[in-house]
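Structure record follows, encoded as structure tokens.
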Amino acid sequence: MKRLIDNFEGWVCALLFLGMTLLGFANVVVRYLTSYSFAATQELLLTGFLLITVFGASLAAREGQHLAVTYFAGLFGTRVESGFKIVAAAISTVLLALAAWYCLDLLRNQLASGVTTPGLGLPAWYYSAALPLAFVLIAIRTVQFAVADWRDTHAGRPAAPIEEPRSYADV
């Protein structure tokens, strides 16, 4: 169970990607064989991309792979850099909590208004329901990484360095 919880975002992304791949493949096959396509595939694929993006961001936050500017923090030494990282994690967590709150507000508005999607005519809140959870999960993973990084730094174990590409050709 711990393994499932620790890799929740990875499983969600993998299942979404598998579903999107199968849906896209089925659409191409049907279009090739019948000259017709599934009308709703674009709507479903766009929603899948949105969900993969937010759950992938959570995965990146868990691994400490988020975008960061560490050059200036590194100039001041380990203690100051550690302080900058804590402040950055706190600001990120607050902003992610606000994003979750506003997504929850979006969800409430969609439920109250009964708005439907253009392609399938489904309630729009079906697609928005996972967003508040995803933003809360990103915030939790940000705090998890910040705590682990702080412990490693203060225990004398530097965090695993991110290997920088040596040139644009290595990217």
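Treat each spin label as a single point 7 Å out from the Cα along the C-beta direction, and report the residue 148 to residue 105 distance in nm.
Result for the modelled spin labels: 3.3 nm.
Hey, how many Å between the Cα centroid of segment 38-81 and the Cα centroid of segment 1-29?
Each part reduced to its Cα centre gives a spacing of 17 Å.
Extending each Cα 7 Å along its Cβ direction at residue 155 and residue 18, get the distance between those two points in nm, one decimal.
With each label point 7 Å from Cα toward Cβ, the separation is 3.4 nm.
Using helices alone, what [θ] at 222 nm do you get for the chain, with -39,500 (n - 2.57) per DSSP H run of 4 or more residues, divided over all residues and rounded to the nearest 500?
Numbers: 7 runs with 125 residues, N = 171.
When only DSSP H runs of four or more count, the value is -24500 deg cm²/dmol.
What residue among 97, 49, 116 has its Cα farthest toward the positive end of the dipole of segment 2-158, where the charges are +1 on Lys, Arg and -1 on Asp, Glu, each on the Cβ?
97
Every number here is computed from the coordinates shown, using simple stated rules; none is lab data. What you see is a predicted model; the values in this text were computed from it and never measured. Glycine also receives a Cβ, built like all others from the backbone with ideal geometry; neighbour counts cover every protein chain displayed.
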